[in-house]
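Okay, structure first, notes after.
Quick note: the coordinates plus some simple rules give every number you see, no bench work behind them. In this text the structure is predicted, and so the values were computed from the model without any measurement. Cβ sites come from the backbone with ideal geometry, for glycine too, and all protein chains shown count toward neighbours.
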Amino acid sequence: MTEQEKLKHCSGCRNDFYNDKNPMGIKRCWSLDTAELVLKKEVSMSQVPPWTQKPKQVLSCYHRDGFIYVPPEKER
């Protein structure tokens, strides 16, 4: 996967701030080199099990405030 393809999956990640979207001059997120596209469930921190939502493709380093990311087969 190219860097440009990875960057498309960064939208919404709290660390996307480091992809040249900051006043400090940081041009690139430190996780971009090792990021891989994986299948995970996005679970709200306030949601109680079972987690029945459908998995989605996210980068392995993706973090959105207020959510955790669990393996697709995990329900609790």
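Annotations for the structure displayed:
- Going through (1) surrounded by 13 or more Cβ atoms within 10 Å (Cβ to Cβ); (2) in contact with a Gly (Cβ under 7 Å, 6 or more places away or on another chain) one by one, N15 falls short only on (2).
- Some residue of the stretch 50-68 being assigned to a loop (DSSP other than H, G, I, E, B), crowded, with 17+ Cβ neighbours inside 10 Å and touching a residue at least 40 places away in the same chain (Cβ under 8 Å): yes
- Residue, farthest from P71 (Cα to Cα), within the stretch 7-28, restricted to residues that are in a loop (DSSP other than H, G, I, E, B) and either touching a residue at least 24 places away in the same chain (Cβ under 8 Å) or among the β-branched types (V, I, T) (or both): I26
- Taken as a whole, the condition of being exposed (fewer than 12 other Cβ atoms within 10 Å of the Cβ) and either within 15 Å of the chain's Cα centre (by Cα) or of a type in the set (V, I, T) (or both) does not apply to P23.
- The stretch 47-76, residues that are within 11 Å of the chain's Cα centre (by Cα) and acidic (D, E): D65
- The lone exception for Q4 - which of (1) farther than 15 Å from R64 by Cα; (2) without any contact (Cβ under 8 Å) to a residue 12 or more places away in the chain; (3) assigned to a loop (DSSP other than H, G, I, E, B); (4) out of contact with any helix residue (DSSP H, G or I) (no Cβ under 9 Å at 6 or more places or on another chain) it fails: (3)
- Residue within the stretch 28-46 that is more than 16 Å from the chain's Cα centre (by Cα) and loosely packed, with under 13 Cβ neighbours inside 10 Å present: yes
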